[in-house]
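Notes follow the structure.
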Amino acid sequence: MPAVDRAPVSTKSLNKSRSSRNPASGSRDRSSVSLKENAMLLCVLLFSGTAALVYQVIWVKQLSLIVGVEVYSITIAVSAFFAGLAAGGWLFGRIADKVQQPLLLYALLEAGVAIAGFAATIALSHAAGLFVAIQAQAGVLAWIVPFLLVGTPAFLMGGTVPAAIRSQSRAEMQIAKVGGWVYAANTAGGIAGALLSSFALLPWLGVRGTALASVVLNLMAAGLALSLARRSALATSERPIEKEIATDPPPTRPRIAIALYAVAGCIALGYEVVWSQAMAQFLSTRVFAFSVVLATYLAGLATGSALYARFSRRVHNSWGVFGLLISAAGLVALFEIAGLDLWQLRFQIEAGNVAFAATQSEFARMCTHFLVAAMGVVFVPTVLLGAAFPAVLRMTASAMRAGRDVGTILALNTIGGIAGTLLTGFLLVPALGLVRTLGMLAIAAAIVGILAVQFGPTVSSRMQWAVCILALIAVAGGVFTPKDRLARLLLTTRGGGNLAFYEETRGATVAVAEQRSGDNAFRRLYIQGVSNSGDAFPSLRYMRLQAMLPLIIHHGESHSALVIGFGTGITAGAVLKYPHLERRVCVELLPAVVRAGELFPENYKAGADPRMQIQLRDGRQELLRSSDRYDLITLEPPPPSAQGVVNLYSRDFYELAGRRLEHNGLFAQWLPIATQNTEDTRSLVRSFLDVFPYANLWSTEMHEMLLIGSFLPIELDVNQITSHFAPSDVSTPLQAVGISSSAALMATWITGTDGLRKFANDAPAVTDDYPRIEYSAWVRPREITRILPELLALQTAPPLINSDATFQSDMSGEHNNLMKFYAAGLAAYAGDRDAWSQDISEVLREDSANPYYRWTLNMK
């Protein structure tokens with residue numbers, strides 16, 4: 001027990017008198033007060049951790065609008081957040097040791113985070129233009145903007161954990177226990193923040209509303225911490241003063257232990273980089289999947305820290321345990337990825353099916369799928385890593401300097417994490433691939449473990465042998481695990497076929513698979529395991545029309561075109577074939593996608609053609625950085641429900657793109673009607689109409705449509721359209737996909753501005769502040785059977801100029817046949833084979849040579 005100083009006689013007598021009158025009652029009162037204070041402190045840590053993770057999520061989203069979604073830029077920007085945490089932990093940890101009431105410091109820090117956090121959120125929403133302007137004039141100095149905006153509140157956040165641990169530490173033996181519980185509780189709040197931000201706050205409140213919710217949490221934490229500080233001050237004045245003495249010898253070789261923990265932080269963040277890229281291939285690019293994985297990661301850290309805190313008094317060799325934890329975490333992380341097999345993926349699917357059977361909710365099915373996957377890959381290694389934090393506290397920290405020591409440990413571990421993210425993402429993964437990178441990290445973890453047991457005092461030989469055996473297994477696993485393990489598994493889960501291209505690059509994995517469907521052979525592009533189209537006939541048709549249709553109907557002659565997103569290169573290739581264009585630009589985020597484009601011959605070698613200027617950057621950043629103007633801007637990004645892609649579907653983006661159009665320029669937006677619910681399609685159309693006063697809708701394929709917008713009326717002059725269609729470089733590629741004439745092209749018209757307004761009605765727009773489509777529900781089964789008839793019901797006659805009876809007749813025939821073809825498709829979805837057979841027979845009787853219609857017959 002701690003020794004007690006002599007107190008004034010009157011105080012001792014008063015305490016003795018109170019306890020002698022009713023000792024049991026006094027014990028119960030003190031126990032009740034202690035439980036209440038512990039509950040209050042738990043709430044403080046939970047609120048603080050929740051707010052911190054919510055801020056991190058919304059700031060990453062906002063930073064992507066400023067610096068772009070290119071992985072290098074966003075990693076550097078996010079590093080500002082972690083650098084702020086490290087600096088804050090180092091400085092405020094020292095301050096916490098010097099103040100009488102560390103919880104008062106904690107309250108002030110939380111209040112400061114509330115103010116600085118909300119101010120940063122508001123400033124970030126207006127910082128994109130400033131960042132680009134400074135970068136154009138001063139280069140890297142522009143990075144001061146995100147570093148200051150994100151780093152300032154993070155700097156204040158960094159001081160909260162050292163202050164909390166300092167407020168609770170009393171003796172050397174308690175450092176591991178106190179630190180473990182504080183870290184676990186704060187991380188548990190982070191779990192809530194990771195889930196709440198994606199599943200509730202951002203969909204309901206938007207970015208600024210979510211920031212305000214975090215401010216409330218900060219202020220609640222500050223208020224509770226202030227109340228605890230007052231209670232502590234009052235209790236200190238009324239009770240004997242306890243000395244803070246060490247019950248164990250002081251830590252030995254703390255600098256070595258801190259250095260090893262910093263390296264462990266580097267390795268741990270390396271795991272996170274590999275996990276996020278590897279698991280995305282077998283889960284989903286939806287933000288919910290990433291949130292569940294992040295929550296599982298944090299749950300593992302919290303569980304490990306809590307377990308060590310619970311049993312800390314039984315640990316007699318912290319050095320050996322630390323070495324064993326780090327080594328085992330690396331080995332488990334390696335084998336859970338390297339050993340990933342088809343049965344595990346099937347188990348995830350079956351678990352999701354069970355959840356669906358119990359709830360009839362597709363949302364529950366998918367989230368269960370994500371959770372089972374995350375538990376199988378992420379949870380166990382992070383439990384081991386979480387236990388390492390209180391272990392290293394026991395090895396390095398002193399109760400007399402708890403704030404300073406904890407702040408230093410967290411600061412160096414965070415700096416190590418920044419280094420690990422950069423090293424893994426930009427050097428190891430591109431050079432070695434995901435599996436071999438994980439092997440290297442496991443070997444590095446084993447080395448940390450060996451050093452820990454070698455430098456640690458009185459580590460048993462049994463512990464040393466255990467760590468050495470783990471190291472040998474890690475080396476063997478890293479060397480002998482096939483490098484293409486994930487590639488072969490990906491192909492198995494994506495319908496088989498042959499893998500024609502596979503490249504694990506910084507930030508994403510790009511693959512091309514050669515597959516068959518009935519008698520049709522085609523290639524499909526996968527990015528992060530998700531299909532991003534291919535050269536199957538329907539895809540070839542809508543991607544060619546994505547560029548050629550707006551160029552053909554453009555009033556006047558088009559001289560410049562911008563394609564956002566290379567993908568298979570088919571849209572960019574169509575731009576190449578259009579004559580009279582003097583400037584052709586294509587923006588693509590991933591260089592590997594351009595390289596993979598060589599495998600799609602229907603793109604006319606767009607990636608290597610000198611007439612096509614390829615810009616390797618984020619599409620939104622291209623519009624921010626460049627003042628060039630275009631007659632056509634066309635884009636076909638991934639579906640807007642994919643994480644981060646909604647930035648290319650928002651009203652704010654359309655306003656930015658509109659400023660880069662010539663006075664009568666056209667903006668063409670791919671409208672994915674089969675991969676999102678009707679409500680989301682309405683919101684997307686509403687965002688489009690809010691910017692472009694003149695808009696029309698075209699059907700480029702049964703499952704895809706095309707929005708074309710302009711600031712001037714879109715005139716459909718038949719003479720000009722026929723003239724634009726006539727050159728063989730235009731007509732031949734279109735005839736190959738079933739558009740035989742300018743009349744057939746006009747037959748794809750659906751409706752104009754009035755029809756689109758009727759469809760959108762009062763749907764809420766998608767904006768940068770309310771990126772609602774990114775958080776939408778999973779697509780209902782056979783949604784195409786609901787949305788397609790509703791859109792086709794909006795049909796009006798196209799407002800043609802200079803149209804004669806022959807053209808009208810040809811267009812009407814083409815249109816009726818196309819609608820009959822769509823009716824056949826809807827009958828197939830409904831399982832009505834007789835109706836399908838009758839409709840498709842009528843279609844082929846009218847136009848038996850149309851390759852688009854004939855392609856369907858080869859499907860089985």
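Based on the Kirkwood radius over alpha-carbon pairs, what is the Stokes-Einstein translational diffusion coefficient of segment 488-556 at 25 °C with 0.890 mPa s viscosity, in µm²/s?
Working: Rh = 13.6 Å.
Rounded to a whole number, D works out at 181 µm²/s.
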Taking just the alpha-carbon atoms of segment 129-211, what radius of gyration and Dmax come out, in angstrom? 18.8, 56
Using Cα-only point scatterers and the Debye equation, what is log10 of I(q)/I(0) for segment 87-244 at each q in 0.08, 0.12, 0.16 Å⁻¹, rounded to two decimals? -0.31, -0.64, -0.99
Where does helix 254-280 land angle-wise versus the long Cα axis of the chain, in degrees 0 to 90, nearest 10? 20
For segment 735-808, projected area of the alpha-carbon convex hull averaged over all directions, nm²: 8.0
For segment 427-486, what log10 I(q)/I(0) values come out of the Debye formula at q = 0.18, 0.21 1/Å, with one point per alpha carbon and no solvent? -0.63, -0.76
Lys/Arg Cβ at +1, Asp/Glu Cβ at -1, dipole of the chain taken about the Cα centre: which of ILE721, ALA476, TYR542 is farthest positive-ward? ALA476
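Taking a ≥ b ≥ c as the square roots of the Cα gyration tensor eigenvalues, with a/c under 1.5 meaning rounded and otherwise prolate when a/b beats b/c, else oblate, which class fits segment 589-731? Could you put the intermediate results ahead of the total?
Numbers: a/c = 1.30, a/b = 1.06, b/c = 1.23.
In terms of gyration-tensor shape, rounded.
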Quick check: the angle from helix 678-691's long axis to the longest principal axis of the chain, C-alpha only, nearest 10 degrees? 80
What number comes out for the charge environment of ALA355, summing +1 per Lys or Arg and -1 per Asp or Glu over other residues with Cβ under 13 Å away? -1
To the nearest 10 degrees, the tilt of helix 461-480 (Cα long axis) against the first principal axis of the alpha carbons of the chain is 10
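Kindly count the pairs of lysines across the chain whose alpha carbons are less than 19 Å apart, treating pairs on different chains or eight or more residues apart as eligible.
On the way: LYS12/LYS243; LYS98/LYS243; LYS177/LYS243; LYS577/LYS605.
For the chain, the number of qualifying lysine pairs is 4.
Rounded to the nearest 500, what is the chain's calculated 222 nm mean residue ellipticity when only DSSP H runs of at least 4 contribute -39500 (n - 2.57) each, over all residues?
-21000 deg cm²/dmol
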Per-bin percent of Cα-Cα distances, segment 613-662 [5 Å]: 4, 18, 30, 28, 14, 5, 0
Given a Förster distance of 25 angstrom, what is the FRET efficiency for GLN838 paired with LEU792, based on the Cβ-Cβ distance and rounded to 0.05? 0.85
Heavy-atom accessible area per residue of the chain, all protein chains kept, 1.4 Å probe, expressed in Å², is 40
I'd like the FRET efficiency for SER517 and SER460, computed as 1/(1 + (r/R0)^6) with the beta carbon distance as r and R0 of 60 Å, rounded to 0.05. 0.45
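In whole Å and largest first, what semi-axes does the C-alpha gyration tensor of segment 245-329 yield when each eigenvalue is scaled by 5 and square-rooted? Intermediate values should be presented prior to the final figure.
On the way: eigenvalues 213, 47, 19 Å².
In descending order the semi-axes read 33, 15, 10 Å.
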About its Cα centre, what dipole magnitude does segment 647-739 give when the only charges are +1 on Lys and Arg Cβ and -1 on Asp and Glu Cβ, stated in debye to the nearest 20? 140
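Once you have the alpha carbon radius of gyration of segment 791-860, what is it after dividing by 2.2 N^0.38 Å, with N set to its residue count?
Details: Rg = 14.0 Å, N = 70, 2.2 N^0.38 = 11.1 Å.
That ratio works out to 1.27.
Hey, how much of the P(r) for the chain falls beyond 38 Å, as a percent of Cα pairs? Write out the running numbers ahead of the final one.
On the way: 178599 of 369370 pairs.
So the portion of pairs separated by more than 38 Å is 48 percent.
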Computed on alpha carbon atoms, what radius of gyration and Dmax characterise segment 320-474, expressed in Å? 18.9, 58
Provide the per-residue ³J(HN,Hα) series for segment 608-625, in order, calculated from phi with Karplus coefficients 6.51, -1.76, 1.60 and θ = phi - 60°, each as a whole number of Hz, with x at glycine and proline positions. 10, 6, x, 6, 9, 8, 8, 10, 8, 7, 5, x, 5, 5, 4, 5, 6, 7
Hz values of 3J(HN,Hα) by residue in segment 800-815 - Karplus curve (6.51, -1.76, 1.60), Gly and Pro given as x: 7, 10, 6, 9, 9, 5, 5, 4, 4, 5, 4, 5, 5, x, 4, 5
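Hey, could you grab the Kirkwood Rh for segment 296-372? Inverse mean 1/r over distinct alpha carbon pairs, Å, one decimal. Don't skip to the answer; put the middle values down first.
Numbers: mean 1/r = 0.0658 Å⁻¹.
Evaluated over segment 296-372, this radius sits at 15.2 Å.
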Output needed: percent of Cα pairs per 5 Å distance bin for segment 706-746, bins running from 0 to the one holding the longest distance. 6, 21, 26, 22, 18, 7, 1
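The values are calculated or read from the model by the stated rules, or taken from the named source; none is laboratory data. Just so it is clear, the structure is predicted and the values come from calculations on it, not from any experiment. Glycine also receives a Cβ, built like all others from the backbone with ideal geometry; neighbour counts cover every protein chain displayed. Side chains included, ligands, DNA and RNA excluded: accessible areas come from the protein's heavy atoms. Shrake-Rupley method; radii C 1.70, N 1.55, O 1.52, S 1.80 Å.
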